[in-house]
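A.B. asks: Just passing along the structure, written as structure tokens.
The values are calculated or read from the model by the stated rules, or taken from the named source; none is laboratory data. Bear in mind that the values here come from a model prediction, so they are computed numbers and not experimental data. Here the Cβ positions follow ideal geometry from the backbone for every residue, glycine too, while neighbour counts run over all protein chains shown. Calculation scope for accessible area: heavy atoms of the full protein, side chains included, ligands and nucleic acids excluded. Shrake-Rupley method; radii C 1.70, N 1.55, O 1.52, S 1.80 Å.
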Amino acid sequence: MTQALKGVRILDFTHVQSGPTCTQLLAWFGADVIKVERPGVGDITRGQLIDVPNADSLYFTMLNHNKRSITLDTKNPKGKEVLTALIKKCDVLVENFGPGVLDRMGFPWETIQKINPKLIVASIKGFGPGPYEDCKVYENVAQCTGGSASTTGFRDGLPLVTGAQIGDSGTGLHLALGIVTALYHRTHSGVGQRVTVAMQDGVLNLARVKLRDQQRLAHGPLKEYSQFGEGIPFGDAVPRAGNDSGGGQPGRILKCKGWETDPNAYLYFITQAPVWEKICDVIGEPGWKTHPDYAKPPARLSRLNEIFARIEQWTMTKTKFEAMDILNKDDIPCGPILSMKELAEDQSLRATGTVVEVDHPKRGKYLSVGNPIKLSASPSDVKRSPLLGEHTDEILKQVLEFNDSQVAEIHASGALTPPPKVQAAE
Ligand code: CAO
């Protein structure tokens, strides 16, 4: 079996989370990803949230699998020569520098196109063209400016950011799709193009059901929101909806047995209309199957608090896993709130490669999330992240075909640092 992106070479100028998510996916699909890092420093995340002394952080290792690392000072004249040579040899350049950085380095799009007209240049920025285009952006800023935070949390509480990194990793996913689309386009056009994704746009794309609700507000209250049943009027913007389901089938998070001491003893329960009669039987309310206040979905909308309180009386008698087993037998959609501990220990996720154990020469074994996208003819093999500059000489010789004296000259220029020696963790 060959890997889907075998033969594609990526010049990876990404750092922190958004860009590295994208290039890691491409590497998992078989692309040769060459990560260019600043000599001595590297991707700033190597040294952030350190848990094992002298080892790259999990923040870095979990976002940079299957890549090669070269150090290069792109502000050094010799470094610029090496970068130019790399641009000639690569299919895609991916970057998520702050606005204008690539131009200031001396590599604006026009220059890159002249060096290699087939190169695809893919960028993540915080905002697209407009009043904020020059702003630097991190994850939570994107969540706040993309419509997620204003619609997350409880109606009478603060806007909330989510644990899922929709601003960074979400935008990285969008960019990866843009890159493979541009690569496909190049197979018949023969030319490269620019691919850009703004983090604000990526988050808004993921929050599109809330823009749907914004427009529905003009035609009346949002009846599936809890506040409708509570008689609380809507304002002119989509409110925060707590744990209400974002779709047409009402749902809530309900307590399960043990909730008093276990912060994750909860279950998401959806009162899907086609299985309403089964729900009534399970919770011991057979009368609700025919009662005009409960039998049909529109009648239930103003009574959701009462209905979910009754369902919760039932879920509180079961653990989240017992409830899941009982409800699944009747095709009632539900899901336990799984902690990170439970996910880390989940054997089925290990079996599919979604959770993988990786060995690292400086930190030993650690867990990571593997490739969540499964291709039947192109499986992903997760390899550890590179040490800073681990492949510098290998790339200079193998990819750029420099001879020993040319490599020595580049080293002497101070444009890069010698590769580290790799030794197994003790
Ligand atoms: N050699 C020499 N210089 C290098 C270099 C290299 N290999 N790699 C980077 N640099 C320099 C850049 O040239 C730049 O210098 P100038 O400002 O003098 O032109 C400098 O490093 C800083 O680059 P930056 O602006 O990208 O980095 P930052 O740490 O100041 O900001 C971030 C980080 C993430 C806020 C910014 O890159 C950004 O807004 N990126 C776009 C949005 C994004 O992806 N955000 C998500 C990040 S993940 O949460």
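A.B. asks: Of all residues in the range 28-42, which are among the charged types (D, E, K, R) and within 12 Å of the ligand (Cβ to nearest atom)? Please lay out each step first, then the result.
C.D. replies: Residues of the range 28-42 among the charged types (D, E, K, R): 32, 35, 37-38.
Selection gives 35, 37, 38.
A.B. asks: For the structure I just gave you, tell me whether residue 50 is more than 9 Å from the ligand (Cβ to nearest atom) and surrounded by 24 or more Cβ atoms within 10 Å (Cβ to Cβ).
C.D. replies: No.
A.B. asks: Restricting the range 171-229 to residues that are more than 16 Å from the ligand (Cβ to nearest atom), among the charged types (D, E, K, R) and in a helix (DSSP H, G or I), which is most open to solvent (accessible area, probe 1.4 Å)?
C.D. replies: 208
A.B. asks: Looking only at the range 138-149, filter to residues that are within 12 Å of the ligand (Cβ to nearest atom) and hydrophobic (A, V, I, L, M, F, W, C); which one of those is least open to solvent (accessible area, probe 1.4 Å)?
C.D. replies: This residue is 142.
A.B. asks: Residue check: is residue 152 of a type in the set (Ser, Thr, Tyr), open to solvent by less than 70 Å² (accessible area, probe 1.4 Å) and in contact with a Pro (Cβ under 7 Å, 6 or more places away or on another chain)?
C.D. replies: Yes.
A.B. asks: For the range 76-111, what are the residues that are crowded, with 21+ Cβ neighbours inside 10 Å and free of Cβ contacts under 8 Å to residues at least 40 places away in the same chain?
C.D. replies: Result: 107, single match.
A.B. asks: Among (1) surrounded by 13 or more Cβ atoms within 10 Å (Cβ to Cβ); (2) aliphatic (A, V, I, L, M); (3) out of contact with any strand residue (DSSP E or B) (no Cβ under 7 Å at 6 or more places or on another chain); (4) assigned to a loop (DSSP other than H, G, I, E, B), where does residue 416 come up short?
C.D. replies: Result: residue 416 passes all but (3).
A.B. asks: Separate question: Tell me which residues, restricted to the range 344-378, are among the polar types (S, T, N, Q), loosely packed, with under 12 Cβ neighbours inside 10 Å and part of a loop (DSSP other than H, G, I, E, B).
C.D. replies: Matches in the range 344-378: 376 only.
A.B. asks: If I ask for residues that are more than 15 Å from the chain's Cα centre (by Cα) and either open to solvent by less than 10 Å² (accessible area, probe 1.4 Å) or within 8 Å of the ligand (Cβ to nearest atom) (or both), which ones from the range 5-27 would you list?
C.D. replies: Matches in the range 5-27: 10, 11, 12, 13, 27.
A.B. asks: Any residue in the range 129-136 that is within 15 Å of the ligand (Cβ to nearest atom) and surrounded by 14 or more Cβ atoms within 10 Å (Cβ to Cβ)?
C.D. replies: Among the residues of the range 129-136, at least one is within 15 Å of the ligand (Cβ to nearest atom) and surrounded by 14 or more Cβ atoms within 10 Å (Cβ to Cβ), which makes the answer yes.
A.B. asks: Checking the structure you have, find out if any residue of the range 59-70 is of a type in the set (Phe, Trp, Tyr) and near the ligand (Cβ under 8 Å from one of its atoms).
C.D. replies: No, because not a single residue in the range 59-70 is of a type in the set (Phe, Trp, Tyr) and near the ligand (Cβ under 8 Å from one of its atoms).
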